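Read-outs: derived from the displayed coordinates by stated rules, not from any lab. Everything numeric here is computed off the predicted structure, so don't read it as measured data. Note: ideal-geometry Cβ built from the backbone for every residue, glycine included; neighbour counts use all protein chains shown.
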Amino acid sequence: MYIMERDVECSDIGISGNIRNSAVLDLLQDCAIRHLDTHPVMAPFFKEENSCMFLVSRQMQILRRPRYHEHITVKTWTCELKRMYGFRNTMIYGEDGEELVKSYESGAFMDIASQRPIKAPQELVEQVRLYPKADMEYASRKITVPKLSAEIYPDIKVLKCFIDMNEHVNNARYLDITDEYIDDAMAVKQIRVEYKAPIRLDSRIHAEVIRDNNTTFVSLVGDKVYCTVEYIV
């Protein structure tokens with residue numbers, strides 16, 4: 001388990017004084033990556049094998065948005081680990097211990113040079129301490145998009161500022177892109193993301209949007225579907 005504390009600052013805040021969806025995801029991501037970077041079992045393995053974990057899916061439930069200047073605690077832990085995949089919960093708590101955000105993530109072991117999946121040794125997997133899954137309603141890691149007519153939007157320019165140290169669009173930046181197609185992104189209570197393929201700087205993508213009652217599906221598409229984001233208000 002890894003615990004991180006900080007205040008919600010101006011750089012986290014978006015329109016109407018609310019924390020942006022991508023800023024919430026940044027908090028979750030920073031805590032989880034810090035956990036992996038300092039983990040007594042996983043960190044040496046990643047360094048020796050020149051490997052890492054790529055995010056495959058995320059489910060994020062927003063119970064209450066952290067407030068500007070609020071002191072928050074972010075906790076993350078591994079709840080299941082296999083030779084090719086890992087699963088974790090990451091939670092955000094308010095000053096009084098109130099649960100603000102619940103998240104469930106899955107990731108795959110990847111070779112950094114080849115960008116291909118790898119298997120971790122079984123003996124290493126068995127050394128990692130697991131914690132119980134958080135109490136939340138778990139949805140499928142696969143997002144089923146309804147067979148309805150989609151709104152097709154013009155091509156999106158993949159900006160340099162979206163690219164992270166792995167040389168593709170950072171997982172939080174997907175929400176900076178897809179939030180643009182949501183009527184009220186700050187009213188969203190649950191977000192699921194299925195990451196299908198990394199978007200690189202030279203990729204050509206566009207958004208395909210389907211609205212179905214209180215749920216909006218935004219797929220980022222080029223020569224393939226790169227990701228699908230499900231928003232529920």
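Put simply, the chain fits an ellipsoid with semi-axes of 27, 23, 16 Å; these come from the alpha carbon gyration tensor as the roots of five times its eigenvalues, largest first.
Counting pairs of Cα atoms in the range 59-101, how many percent are more than 13 Å apart?
Summing the P(r) of the range 59-101 above 13 Å gives 58 percent of all pairs.
The slack in the chain from VAL145 to GLU5, taken as 0.36 nm per residue of separation less the alpha-carbon distance, amounts to 46.8 nm.
What is the Å³ per residue value for the convex hull set by the Cα atoms of the range 1-48?
77 Å³
Highest mean packing comes first when the peptides 16-24, 155-163 are listed by Cβ atoms within 10 Å, giving 16-24, 155-163. Mind checking which lysines have their C-alpha under 17 Å from LYS189, skipping anything on the same chain fewer than 8 residues away? Within the straight-line limit of under 17 Å, LYS189 reaches these lysines: LYS102. So what's the Cα pair-distance distribution over the range 151-232, bin width 5 Å, in %? Histogramming the range 151-232 at 5 Å steps yields 3, 15, 29, 26, 17, 8, 2, 0 percent. Ranked by the mean number of other Cβ atoms within 10 Å of their residues, highest first, the peptides 36-45, 49-58 fall in the order 49-58, 36-45. A simple spin-label model places pseudo-atoms 7 Å from Cα toward Cβ; at ILE33 and SER114 they are separated by 2.5 nm. Computed over Cα pairs, the Kirkwood radius of the range 2-125 leads via Stokes-Einstein (1.567 mPa s, 4 °C) to a diffusion coefficient of 84 µm² per second.
Going by how many other Cβ atoms sit within 10 Å of their own, how do ASP202, ASP30, ASP184 line up, fewest first?
Neighbour counts put them in this order, fewest first: ASP202, ASP184, ASP30.
In straight-distance terms, cross-link reach from LYS160 covers every one of the aspartates and glutamates whose alpha-carbon lies under 14 Å from its own, apart from those fewer than eight places away in the same chain; here that gives ASP176, ASP202.
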